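The block underneath contains the structure these notes are about, expressed in structure tokens.
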Amino acid sequence: MGMRVGFQEELDQLEASLQEEGELVLRVLRGALNALAQGDVELADDVIAFDDDVDRHYIQIEEGIQSLLARQTPVATDLAARARDAAHEPAPRADGGLLP
């Protein structure tokens, strides 16, 4: 049961990070719209620079999700590998022999 609590806590952290990412994106969007409306090249440059922070945050979230899923789905991964292996093995015949 401890594993599921850890999973939920990590999922909650990822959700909070995703909400932060949404807030960052809104800030960047507002800045871009203001820069466009005002013809403010300096503000536009700031928005472009800030976009790198948004991209880094997005990558961290994506990596966190992939890591969480990889640690929570080892059985599914193992089953998929076994299914692929089984597809390449000869099939058993009714008389106990193997089909090519």
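Couple of notes before you dig in:
- Per-pair calculated FRET efficiency, R0 = 35 Å: V5 and V25 via Cβ, rounded to 0.05: 0.70
- Which of Q13, V47, A70, positive extreme of dipole for the stretch 6-81 (C-beta unit charges): A70
- Order of S67, S17 under a 10 Å beta carbon neighbour criterion, fewest first: S67, S17
- Extension gain, Q13 back to S67 (0.36 nm per residue minus Cα-Cα distance, nm): 18.1 nm
- Label-to-label distance, nm, for residues given as A37 and I59 (7 Å Cα→Cβ offset): 3.3 nm
- Applying the Karplus relation 6.51 cos²θ - 1.76 cosθ + 1.60 with θ = phi - 60° to the stretch 37-44 yields 3J(HN,Hα) values of 5, 9, x, 8, 5, 5, 5, 4 Hz, where x marks Gly and Pro.
Bear in mind that the values in this text are calculations on the coordinates, not laboratory data. Just so we're clear, the structure is a prediction, and the values are computed from it rather than from any experiment. Glycine also receives a Cβ, built like all others from the backbone with ideal geometry; neighbour counts cover every protein chain displayed.
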